[in-house]
Structures are given as C-alpha cells and as structure tokens.
Amino acid sequence: MDERVIGRSGQRASVVGLGTWQLGADWGEVDDKEALAVLETAAESGVTFFDTADVYGDGRSEQTIAAFLRGRPDLHVLVATKMGRRVDQIPENYVLDNFRAWNDRSRRNLGVDRLDLVQLHCPPTPVYSSDAVYDALDTLVAEERIAAYGVSVETCAEALTAIARPGVASVQIILNPFRMKPLHQVLPAAREAGVGIIARVPLASGLLSGKYTKDTVFAADDHRTYNRHGEAFDQGETFSGVDYATGVEAAAEFAALAPEGYTPAQLALRWIIDQPGVTTVIPGARNPEQARANAAAAKLPELSARTATAVRDLYDRRIKDQVESRW
C-alpha cells in the first residue's frame, strides 16, 4: 500500500490506516480473538498505521495492539496514541507532570520505551493556544518519551490554531463526504505548514457504509445509541453530527453514487484519500472482513470528476447546513 509522510515528523503511514476505538469500547463488544484478527488482517492488507488512545477501553486497545505486535516482530507498524480524556476536561489538567504520567501508562500498555506519535485527545479549546502546553510536549520529545506529537480536534478553528505551532507534526480531524468544511482552510494550511492530516470518523460512524436504515437498533453500549445528541461527548463524534434520520436518507443517495467495483464505504474512503493534504484515513473495523475491505480502497482508482462533483452536490444539498456552523 502507498505510504505518505506524516508532516514534519518524517514518519510514514499507509494511506489507509486502522482506527482502533472499536477494539476498546463504545461500539458494542468485540472479543480479544476478533480484535487480534482485525489487526492481523489490516497488517496483511498493507496497513502500517494504527491509531489508538489511552481511553479506548481504559487501555484495552493499546494493550491489544501491543499483544499483536509482540507476536509479529517482522512488521513495521507506526502506532499513534492519544492522551488527555481520562481526566476532567479542564485546561489546568494539561500540564507536564500529567503528560509524563499519561505517557508512562501508554508506554507500559504498548510495551515500548518511546511512543511513535502522541496526540492531545480533543482537549478543551484553550489548550490549543497554550504556550506551556507546547513547551511540555517539546520536553517529552527531548526526554525521548515520544518521537513526535500532534493534536486531535473537534473544530476547524482548533486545527488552524495547532497548525501554526512549529512542533505539531499532525492534526487528526473528522473528514468525510458528510464533513467537508476542513477542505476550505484546514487542509491548505496543513499542506503549507508541512503538517500531516489524519482523517478520522471517515464513514460517519458507519452511515456512509449504506448498511443502516431508520429502524436499525444499536447496542446500549454503542455510542450510536447513547451519544446521538452529544450526551456523553461531542456530538460530532457520532454520525459526524448529522441527524440520524437525515443521515440515513443521504447515505442511501450516497450509496447510489458508488462506481462499479466500489462499495459505498470504499467510495467514502477513496474520496478522502483523493483530497490534497490528507496523509492517512483511519476507518475502524469490527471484524476482519471490514478491515480487508477498508484497506482495499487504497488500490481503487482515483474518483472521476463526475463522481466527486456528485458527492459534493449531495453534501451541499443535504448535510452542509447541519454541520458547518458547529465544527
């Protein structure tokens, strides 16, 4: 699979990575055997970038990745983790002593001395503007606890604030055919600054797979049940912030745009890969079949101008007014 450089870090990531939120929590139960099978299938399919977080299953996702990689010393996989969501979300918690403690825990979970890439995990907005925060992150690099750092954001404004900082290697942001606002300013600014873009929630929590209907019922422990209106965390993390009923209808239109040989999910992933400035896209997978199909999107041809225009038209008609003013 093709790889791209993650901004200023010089590190490389496959154009389709693997998001491992599903392997930790909040998407219904995935047992250990199935989780390891997902990782194995992704790696066999050419994926060289795993994205995780210390809060996914309270460390379970990190530990599962570590267990997998211990058994496959032949693989070169860059592991990005995130920190900051295991404490009260106040700026005062984003200090060097806490960063060190969080890093120590993730290093134990992942079984490494130095973390490849650590991202602030959607912290309170003022954190992105704090000189002390970036000084602390630079200290972690100097201490060789981490090789590089980036941020994960909810809004385009937060992304632009982080991109302006010289030590930021990457910005992880929601980008998909139902969340196009980052195309306007964020991706151009990142390209100019040499900052990598990690596209998350690429399938709008599964909406863009075209598999769901208005009658679909998700498990009680699935965030698509309990966070539809932002009850537990930012609403934009669930269905990209799109109202579910609207999303299901728009997703049916989107599925009809898939060229021959593409599934709707692969159309969404290929659309993201085609955007200038995107480094990697990180769909999750609950089973090996999903992991294999997601990776296959990297091998599909670039979308035609006609298809890309139709995707944009659908967004402008059905989705744009719901999401652009908020994120």
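The values are calculated or read from the model by the stated rules, or taken from the named source; none is laboratory data. Source: prediction; values computed, not measured. Cβ placement follows ideal geometry from the backbone for every residue including glycine, while neighbour counts extend to all protein chains displayed. Quick note on the areas: whole protein, heavy atoms, side chains included, nothing else; ligands and nucleic acids left out. Shrake-Rupley method; radii C 1.70, N 1.55, O 1.52, S 1.80 Å.
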Problem set entry | The one condition in (1) in contact (Cβ under 8 Å) with a residue 12 or more places away in the chain; (2) among the aromatic types (F, W, Y); (3) open to solvent by 40 Å² or more (accessible area, probe 1.4 Å) that Y226 fails to fulfil | (1)
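Take L23 and tell me if it is assigned to a loop (DSSP other than H, G, I, E, B), among the aliphatic types (A, V, I, L, M) and within 17 Å of R292 (Cα to Cα). Walk me through how you get there before you give the answer.
Working: assigned to a loop (DSSP other than H, G, I, E, B): yes; among the aliphatic types (A, V, I, L, M): yes; within 17 Å of R292 (Cα to Cα): yes.
So L23 passes the test.
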Exercise. From the residues in segment 233-266 that are among the β-branched types (V, I, T) and within 18 Å of E154 (Cβ to Cβ), which one is farthest from the chain's Cα centre (by Cα)?
Worked result: V242
Exercise. Within 22 Å of the chain's Cα centre (by Cα), of a type in the set (S, T, N, Q) and assigned to a helix (DSSP H, G or I) - does that describe any residue in segment 134-146?
Worked result: no
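Are any of the residues in segment 156-163 assigned to a loop (DSSP other than H, G, I, E, B), open to solvent by less than 60 Å² (accessible area, probe 1.4 Å) and of a type outside the set (K, R)? Step through it out loud before you land on a result.
The initial filter retains those residues of segment 156-163 that are assigned to a loop (DSSP other than H, G, I, E, B), namely none.
No: zero hits.
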Exercise. Here are some residues: K320, K299. Which one is loosely packed, with under 15 Cβ neighbours inside 10 Å and touching a residue at least 60 places away in the same chain (Cβ under 8 Å)?
Worked result: K299
Exercise. Inside segment 255-277, can you point out the residues that are in contact with a strand residue (DSSP E or B) (Cβ under 9 Å, 6 or more places away or on another chain), over 11 Å from V16 (Cβ atoms), buried (at least 19 other Cβ atoms within 10 Å of the Cβ) and not small (G, A, S)?
Worked result: W271
For this session: Can you work out which of the residues in segment 219-277 that are out of contact with any helix residue (DSSP H, G or I) (no Cβ under 9 Å at 6 or more places or on another chain) and part of a loop (DSSP other than H, G, I, E, B) is farthest from Q172 (Cα to Cα)?
Result: E260
Exercise. Does any residue in segment 95-119 that is part of a loop (DSSP other than H, G, I, E, B) come within less than 6 Å, Cβ to Cβ, of a residue that is open to solvent by 50 Å² or more (accessible area, probe 1.4 Å) six or more places away or on a different chain, and which pairs are these?
Worked result: R114/E144
For this session: Look at L269 and say whether it is more than 17 Å from the chain's Cα centre (by Cα) and in contact (Cβ under 8 Å) with a residue 24 or more places away in the chain.
Result: no
Seminar exercise, completed: Picking from S240, S209, the residue that is hydroxyl-bearing (S, T, Y) and open to solvent by less than 10 Å² (accessible area, probe 1.4 Å) would be S240
Seminar exercise, completed: How many residues of segment 25-43 are in contact (Cβ under 8 Å) with a residue 12 or more places away in the chain and either touching a His at 6+ places or on another chain (Cβ under 6 Å) or surrounded by fewer than 24 Cβ atoms within 10 Å (Cβ to Cβ) (or both)? The answer is 13
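Pull up segment 278-292, narrow it to residues that are in a helix (DSSP H, G or I) and of a type outside the set (D, E, K, R), then point me to the one that is surrounded by the most Cβ atoms within 10 Å (Cβ to Cβ).
Looking at the filtered set, the residue picked out is A291.
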Problem set entry | Some residue of segment 73-86 being farther than 14 Å from D51 by Cα and touching a strand residue (DSSP E or B) at 6+ places or on another chain (Cβ under 8 Å) | yes
Exercise. Can you name the residue in segment 98-126 that is aliphatic (A, V, I, L, M) and within 20 Å of the chain's Cα centre (by Cα) and, of all such residues, is nearest to S9 (Cα to Cα)?
Worked result: L117
For this session: For segment 203-218, enumerate the residues that are touching a Gly at 6+ places or on another chain (Cβ under 7 Å) and either in a helix (DSSP H, G or I) or within 27 Å of G84 (Cβ to Cβ) (or both).
Result: A204, L207
Seminar exercise, completed: N93 fails exactly one of (1) open to solvent by less than 30 Å² (accessible area, probe 1.4 Å); (2) closer than 23 Å to F233 by Cβ, namely (1)
